[in-house]
Amino acid sequence: MSNLFDLTGKVAVITGASSGLGADAALAFAQAGANIAILARRAEKLEEVKNSIAQTGRDVIAVSCDVTDEDSVKNAMGEVLAHFGTIDILVNNAGIAVQGGVETLSVEEWNKSFDANCKGIFLASKYVIPTMKEKGYGKIINIASVNSIVANKAETFIRHSYNASKSAVLGLTTGMAATYAKYGITVNAVGPGLFESEMTASTLFKSDEFLKGYSYLTPADRPGKKGELNGTLIYLASDASSYVQGQFILVDGGFSIV
């Protein structure tokens, strides 16, 4: 049974891997046996993550990439393929959270959210899927959010462009899943609840009032802990999920059910 979750010999690409959930996932995949390509804009941060992953003994490369820029994505995936020769797993993790409602958001802020959270998935997938189709195998995991389906009425934490762009990830996931299943490619989405990360540490985790309210509304009575997303990601990246297609798995401590 344990072999179902073994990623030995697989090549995994993780975007937005310079910190937070992306960096955690990259290390977990390496510990599960995969060779790793970590992508993000910040080269210095990527090198720190790369050094940590290298200690597992897996082959790992760090590639500077802006997922909102097509040339950058195309070049990055080309570099990964030149090094590894293939790509088996793609985790579309890069994303941002812009605060504000429709009354206050600028068009630039709205577009920035969709570029990072949805266009980035489109571009990364665009330049990975041909390789997966050719080999008849692939695992694509899109990181959505509990906020794809649940909003927050607290005035200081309204993020309409985040809600909308993360909801769009679900539509893109099901569309891709339906199209590419016949090529042996599974496409699924994961919806994390609140986890501490670089994106949330300076905002949500600094508000005792918000954390108290979030915990009260969550059956688990707390935010997610470091590493608690990794099991779901490894499951979706492994052969254990070979017949799981177009699904949205929430990892939110039950926040979305109450």
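Of all residues in segment 207-222, none satisfies being outside any loop (DSSP other than H, G, I, E, B), within 26 Å of ALA32 (Cα to Cα) and touching a residue at least 24 places away in the same chain (Cβ under 8 Å).
Residues of segment 132-161 that are out of contact with any strand residue (DSSP E or B) (no Cβ under 6 Å at 6 or more places or on another chain), in contact (Cβ under 8 Å) with a residue 12 or more places away in the chain and part of a loop (DSSP other than H, G, I, E, B): GLY136, TYR137, ILE149, VAL150, ALA151, ALA154, ILE158. Annotation note: of LEU21, LEU39, LEU7, LEU81, the sole residue that is within 24 Å of ILE96 (Cβ to Cβ) and outside any strand (DSSP E or B) is LEU21. Count of segment 1-38 residues, restricted to those that are within 12 Å of LEU233 (Cβ to Cβ), under 16 Å from the mean Cα position of the chain (by Cα) and surrounded by fewer than 24 Cβ atoms within 10 Å (Cβ to Cβ), is 3. Of all residues in segment 162-190, those satisfying the criterion of being in a helix (DSSP H, G or I) and in contact with a Gly (Cβ under 7 Å, 6 or more places away or on another chain) are THR173, THR174, ALA177, ALA178, TYR183. On the basis of being assigned to a helix (DSSP H, G or I) and of a type outside the set (D, E, K, R), does LEU250 make the cut? For LEU250, the condition - assigned to a helix (DSSP H, G or I) and of a type outside the set (D, E, K, R) - is not met.
Where a number appears in this text, it was derived from the coordinates with a stated rule and is not lab data. Not measured: the values here are computed from a predicted model. Cβ atoms come from the backbone with ideal geometry, glycine included; neighbour counts cover every protein chain shown.
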